[in-house]
Amino acid sequence: MSSFFFCLHVLLLCGLLQAQQLLLPGSCNFELDSCGYTSDPQSGSWSMNEEGHLISVDSAFLQDQEQAVLVSPVLDQQDWSCVRLVYQITGQGSLQVHLRPDSDNFDYLLWSSSVASDSWLISSVDLPNTTEPLQILLSGRPERGAGNSVAIFEIHIVPGYCIECNFEEHHLCGYSNSWNPNVNWYVGGSLTRDNQADLNQTNNRGHYMYVDSVYAKNFQEVAKLMSPMTTVPMSGCLSFFYHRDQETGNIFCIFTRDQQGHYEDVWKPDVYSTAGWTHVSVDIKAPRPLEVVFEAAFNSARGGYVAIDDITFSPEFCHTDTEPSFDPSVADCDFENGLCLYHQEREDSAVWKRVTVKPNSYRTGDHSTGTGSFLMANTRFLLSPGYVGRLHGPLLPGNHRYCVRFFYLLQGFRSVDNALVLYVYDENNVAQEKVWSLSETSRNVWTRVEITYMKPMTTKLVFVSICKNFWECGLVAIDDITVSLGSCHVTTGPLPTQCDFEDGVCGFIQDKSEDKADWLRVRGHTPTSYTGPKGDHTTGVGHFLYIEASLMRPGHKARLLSSYLRGASSPQCLIFFFHMYGSGTGILSVLLRDGSRDTLLWRRRGEQSVSWMRAMIDYQCDVRHQIIFEAIRGPTLRSDIALDDISFKRGPCTDPADVTPFSGSSEYFNEIEN
């Protein structure tokens, strides 16, 4: 078996196996030149091998830079395509693939690896269809020290989806075999098994993948062939051909597996053996990254073989009775425009009320914006001394794994028992499971809850609040309910356009040249009473940045600078949450630094609210620039100012009510802007 992989490796390096798919612009084998790929002048340089065949970056030549970034020519990929990368990491280091849209400030991470090897490895990355030009960036980061390097052998960009494969290319489209000492998937062809001639090759010189039981030694010997992990959501029709013999000697099936290891059966054959190649079409849904696994199991060495070929994918479902991909966002609600699809069990004695709190120094506003609406349950809404309030959500189809997120606020409860409980009901209003209940927790701060559940039947979410008597109950509120497919534990990783300060400061830096203090990263409440937040905006128990007024003098400033943004041809929208509570609160400003010039974009002066407030700023800059958050301390110690959840998106901003550039022009610091 080792000789097989040795031969395959030699064929790859010598280029004897030629790709038969159409190669799109951006493809390169680095034989003669770099095909228009260039090194980013802001980073280190990639070097072509003198004999061709590869381009690399070595730690010995990086000098003071941490990485070398290889930038593709501008590509116009209007149809779905797949980037297949042949690379090698030697020693310690990593390789990343980013997408750079033409009209965006940021580069988006598509794939990364830090796996070192003594031979070439294959990776496949999907590029969804888009109408705007883009570039592909490859960032090599060898660690400091001798012998660390990153090399790229070839880049193939082909039409279609990365899970598609006819197994004619030397890298097998990034499909990988889960190694078993006895049974494994191999490349087959006319030289291997004449009676299994490849479908698409009339001269019987084509290739397919097969697994044979001849070396099986144990009961249920398993061989797994795994597709590349999808990198973007996709759903549609997966088609392939298979050939199989022996009626009782093997088991063949297909399933999907996500990043958390969750399996979902997709297909099993109806018959044990096939006289020839048999076509199969099966619908799959991949709302999150997953891989397709072809699995064959054998009971003995006489279990026969299984072969597959010509795997294709279409975004259209192959069966008309397949329900379309369900959008769980029907259960989302921020209560800004009513109850969405939620309803109360008894409208005549509704416990849950939709309320809005204007910015003030005493009562907490909503979580979404600080000035919007949320739902509240409280005995003062009712004539009775106690209540049972149930809020029913819309129906959600069964056999899906759901991630439910929401925020709650608790005030005044002496006992939290049954103050807020979340149930999963079936469509007949029968409770199936209590998935969450409130325990003793932080009060007077919006706190995030995440629950993952899966049921075979149609279900709905039901929020329940129970108050036995007036003396035991305060108020409980909920806001920003979201429902998505998949597990809450499966995350996409940090986005360059967002920063919640949970894992650091996201490239923001302190301005040491023009300020007298620093922004501090903390969690929980700030030390000075009657100023500063009681928790962060993201989760209620996470991190945020703030200025500590007791460490500054009146008029001192602290400046926070973003990393350099590339500049974009289209308008941009900057969104962030700020907290300005305290009788001596000073000034918070946002500026744009273009070269040596700072331009004021937004400003707030004086006390704004006890709540986190949302700000949205429209701006446009097509050259390299930075965003600056500047806080100036007010006249007293009660002058803490905080920041959280900074994000950028393509403009213009969607809510005109939130984009007032300046307020608080009065010289009185204790000014509340309504």
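The values are calculated or read from the model by the stated rules, or taken from the named source; none is laboratory data. Treat the numbers as computed from the prediction; the structure is a model and nothing was measured. Cβ placement follows ideal geometry from the backbone for every residue including glycine, while neighbour counts extend to all protein chains displayed. Side chains included, ligands, DNA and RNA excluded: accessible areas come from the protein's heavy atoms. Shrake-Rupley method; radii C 1.70, N 1.55, O 1.52, S 1.80 Å.
Regarding Tyr215, is this residue modelled with pLDDT of 85 or more and open to solvent by 40 Å² or more (accessible area, probe 1.4 Å)?
So Tyr215 fits the description; yes.
So which of Val71, Val97 ends up being more than 26 Å from Gln259 (Cβ to Cβ), modelled with pLDDT of 90 or more, under 25 Å from the mean Cα position of the chain (by Cα) and buried (at least 18 other Cβ atoms within 10 Å of the Cβ)?
None of the other options fit; the residue is Val71.
Out of the residues in the range 232-289 that are in a loop (DSSP other than H, G, I, E, B) and charged (D, E, K, R), which is nearest to the chain's Cα centre (by Cα)?
Arg288
Quick check on my filter: what residues within the range 218-228 are out of contact with any helix residue (DSSP H, G or I) (no Cβ under 9 Å at 6 or more places or on another chain) and either open to solvent by 60 Å² or more (accessible area, probe 1.4 Å) or among the acidic types (Asp, Glu) (or both)?
Correct list: Asn218, Phe219, Gln220.
Looking only at the range 580-594, count every residue that is farther than 20 Å from Thr526 by Cβ and out of contact with any His (no Cβ under 7 Å at 6 or more places or on another chain) and tell me the total.
Number of matching residues: 3.
Suppose we keep only residues that are among the acidic types (Asp, Glu) and over 16 Å from Arg401 (Cβ atoms) within the range 435-485. Which one would you say is surrounded by the most Cβ atoms within 10 Å (Cβ to Cβ)?
Only one residue tops the list, namely Asp479.
Give, as residue ranges, the strands (runs of 3 or more DSSP E) completely inside the range 126-196 that count at least 3 residues that are open to solvent by 30 Å² or more (accessible area, probe 1.4 Å) and among the polar types (S, T, N, Q).
The qualifying strands (runs of 3 or more DSSP E) are 176-178.
Please identify the pairs in which a residue from the range 80-102 that is within 26 Å of Ser59 (Cβ to Cβ) has its Cβ atom under 9 Å from the Cβ atom of a residue that is open to solvent by 10 Å² or more (accessible area, probe 1.4 Å) and of a type in the set (Lys, Arg), counting only partners at least 6 apart or on another chain.
So the pair list comes out as Gln92/Arg144; Gly93/Arg141; Ser94/Arg141; Leu95/Arg141; Gln96/Arg141; Arg100/Arg566.
Going through the range 537-576 one residue at a time, which ones are among the small types (Gly, Ala, Ser) and either surrounded by 15 or more Cβ atoms within 10 Å (Cβ to Cβ) or closer than 18 Å to Arg523 by Cα (or both)?
Hits for the range 537-576 are Gly540, Gly542, Ala549, Ser550, Ala558, Ser562, Gly567, Ala568, Ser570.
Specify which of the listed residues (Val490, Val522, Val505) is out of contact with any His (no Cβ under 9 Å at 6 or more places or on another chain) and of a type in the set (A, V, I, L, M).
Result: Val505 is the single residue among Val490, Val522, Val505 that is out of contact with any His (no Cβ under 9 Å at 6 or more places or on another chain) and of a type in the set (A, V, I, L, M).
For every residue, the table says whether it meets (1) without any contact (Cβ under 8 Å) to a residue 40 or more places away in the chain; (2) open to solvent by 40 Å² or more (accessible area, probe 1.4 Å).
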| position | (1), (2) |
| --- | --- |
| Leu495 | no, yes |
| Phe501 | no, no |
| Val505 | no, yes |
| Asp511 | no, no |
| Ala517 | no, no |
| Leu520 | yes, yes |
| Gly524 | yes, no |
| Pro527 | yes, yes |
| Pro533 | no, no |
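What single numbered condition from (1) within 29 Å of Ser281 (Cβ to Cβ); (2) open to solvent by 60 Å² or more (accessible area, probe 1.4 Å); (3) part of a loop (DSSP other than H, G, I, E, B) fails to hold for Leu341?
With (1) within 29 Å of Ser281 (Cβ to Cβ); (2) open to solvent by 60 Å² or more (accessible area, probe 1.4 Å); (3) part of a loop (DSSP other than H, G, I, E, B) applied to Leu341, the lone miss is (1).
Confirm whether Ser570 is without any contact (Cβ under 8 Å) to a residue 40 or more places away in the chain, in a loop (DSSP other than H, G, I, E, B) and more than 29 Å from Val610 (Cβ to Cβ).
Taking the combined requirement at face value, the residue does not satisfy it.
If I go through the range 533-568 residue by residue, how many of them are at pLDDT below 95, among the charged types (D, E, K, R) and under 25 Å from the mean Cα position of the chain (by Cα)?
1
State whether the residues of the range 636-643 include one that is small (Gly, Ala, Ser) and at pLDDT below 50.
no
Quickly run through the range 388-420 and pick out the residues that are within 21 Å of Ser373 (Cβ to Cβ), surrounded by fewer than 21 Cβ atoms within 10 Å (Cβ to Cβ) and over 26 Å from the mean Cα position of the chain (by Cα).
Selection gives Arg390, His392, Gln411, Gly412.
Output the number of the condition that Leu588 fails; it satisfies all remaining conditions of (1) open to solvent by 40 Å² or more (accessible area, probe 1.4 Å); (2) among the hydrophobic types (A, V, I, L, M, F, W, C); (3) touching a Lys or Arg at 6+ places or on another chain (Cβ under 7 Å).
The single condition Leu588 does not satisfy is (1).
Conditions (1) of a type in the set (Gly, Ala, Ser); (2) in contact (Cβ under 8 Å) with a residue 60 or more places away in the chain; (3) within 19 Å of Tyr408 (Cβ to Cβ); (4) in contact with a strand residue (DSSP E or B) (Cβ under 9 Å, 6 or more places away or on another chain), marked per residue:
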{"site": "Val424", "(1), (2), (3), (4)": "no, no, yes, yes"}
{"site": "Asn428", "(1), (2), (3), (4)": "no, no, no, no"}
{"site": "Gln432", "(1), (2), (3), (4)": "no, no, no, yes"}
{"site": "Ser437", "(1), (2), (3), (4)": "yes, no, yes, yes"}
{"site": "Asn444", "(1), (2), (3), (4)": "no, yes, yes, yes"}
{"site": "Glu450", "(1), (2), (3), (4)": "no, no, yes, yes"}
{"site": "Pro456", "(1), (2), (3), (4)": "no, no, no, no"}
{"site": "Phe463", "(1), (2), (3), (4)": "no, yes, yes, yes"}
{"site": "Asn469", "(1), (2), (3), (4)": "no, yes, no, no"}
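Test of understanding: among Phe317, Phe294, Phe335, Phe326, which residue is crowded, with 20+ Cβ neighbours inside 10 Å, among the hydrophobic types (A, V, I, L, M, F, W, C) and outside any strand (DSSP E or B)?
The conditions single out Phe335.
Just need a number here: residues in the range 629-656 that are aliphatic (A, V, I, L, M) and within 22 Å of the chain's Cα centre (by Cα).
The number of residues fulfilling the criteria is 1.
Working only within the range 347-367, note down all residues that are surrounded by fewer than 14 Cβ atoms within 10 Å (Cβ to Cβ) and touching a residue at least 12 places away in the same chain (Cβ under 8 Å).
Matches in the range 347-367: Thr356, Lys358, Tyr362.
Looking only at the range 594-612, filter to residues that are closer than 30 Å to Arg566 by Cβ and aliphatic (A, V, I, L, M); which one of those is nearest to the chain's Cα centre (by Cα)?
Leu601
Quick one: would you say Ser56 is in contact with a Cys (Cβ under 8 Å, 6 or more places away or on another chain), crowded, with 17+ Cβ neighbours inside 10 Å and either touching a residue at least 12 places away in the same chain (Cβ under 8 Å) or assigned to a loop (DSSP other than H, G, I, E, B) (or both)?
Here the answer is no, as Ser56 does not meet what is asked.
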